[in-house]
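Report on one structure; see the data block that follows.
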Amino acid sequence: MTKNTIILGFAGSLRKGSYNKSILKAAAELTPKDCEIETFDLDGIPPYNADLESEMPAKVREFKAKIRSADAILIATPEYNYSIPGVLKNAMDWASRPYTDNSFEGKPVAIMGASGGMLGTARAQYHLRQTFVYLDMHPINRPEVFVTFAKEKIDENGNLKDEKTRELIKKLLENLAASARKIKNQGT
């Protein structure tokens, strides 16, 4: 029996009503039938401190273990000041440290993002792609999922109601799952 492809999803926002948590929730509903999304909340990961690398905080150890056990990564990111949110960058710094213990290495990764504006986190996503190069990750290039004017597409209960966006997320997940299977098969 074939094991399901496990996708670890996390949002680069701590806000309860986060649009990015909403699209992550939608992704869990749209996951291909041979996959499952496990989500991780970045809340509680302390600021990165290299002095603690030898005895990492429990939340960081948990995050790194979840990354290692996943077949693929899905990141839902907001955009702050034209770039990656601090909470997301901080979590990624922890997960990739120390230098010889990069949890992300070799993982396929997909990005999506939602914002209230018309660019839908495009700049933050491009900055993340630069980070993926150094982390030796395999980004999914298409489709790009930029959820623009998110307030119009996500209802007051945090449900993604825009069908075109749902279709893009579904296709992104299909491509991520295919990449994960391909990488897994190369290792066997």
Taking only pairs six or more apart or across chains, which ones have beta-carbon atoms under 8 Å, a first residue in segment 1-22 that is in contact (Cβ under 8 Å) with a residue 24 or more places away in the chain and among the aromatic types (Phe, Trp, Tyr), and a second residue that is assigned to a strand (DSSP E or B) and surrounded by fewer than 23 Cβ atoms within 10 Å (Cβ to Cβ)?
-> 10/39
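Residue-by-condition table, conditions (1) over 29 Å from residue 34 (Cα atoms); (2) of a type in the set (Lys, Arg); (3) within 14 Å of the chain's Cα centre (by Cα):
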residue	(1), (2), (3)
106	no, no, no
110	no, no, yes
123	yes, yes, no
137	no, no, yes
140	no, no, yes
169	no, no, yes
173	no, no, yes
176	no, no, yes
183	no, no, no
Assess whether residue 16 counts as being assigned to a helix (DSSP H, G or I) and not aliphatic (A, V, I, L, M).
-> no
Return yes when residue 175 is outside any loop (DSSP other than H, G, I, E, B) and not charged (D, E, K, R) and no when it is not.
-> yes
Among the residues of segment 12-21, is any among the hydroxyl-bearing types (Ser, Thr, Tyr), within 13 Å of the chain's Cα centre (by Cα) and buried (at least 21 other Cβ atoms within 10 Å of the Cβ)?
-> yes
Segment 35-59, residues that are surrounded by fewer than 17 Cβ atoms within 10 Å (Cβ to Cβ) and within 23 Å of residue 159 (Cα to Cα) = 36, 38, 41, 43
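Bear in mind these aren't lab numbers, they're just calculated from the coordinates by the rules spelled out. Note that this is a predicted model, so its numbers are computed, not measured. Cβ sites come from the backbone with ideal geometry, for glycine too, and all protein chains shown count toward neighbours.
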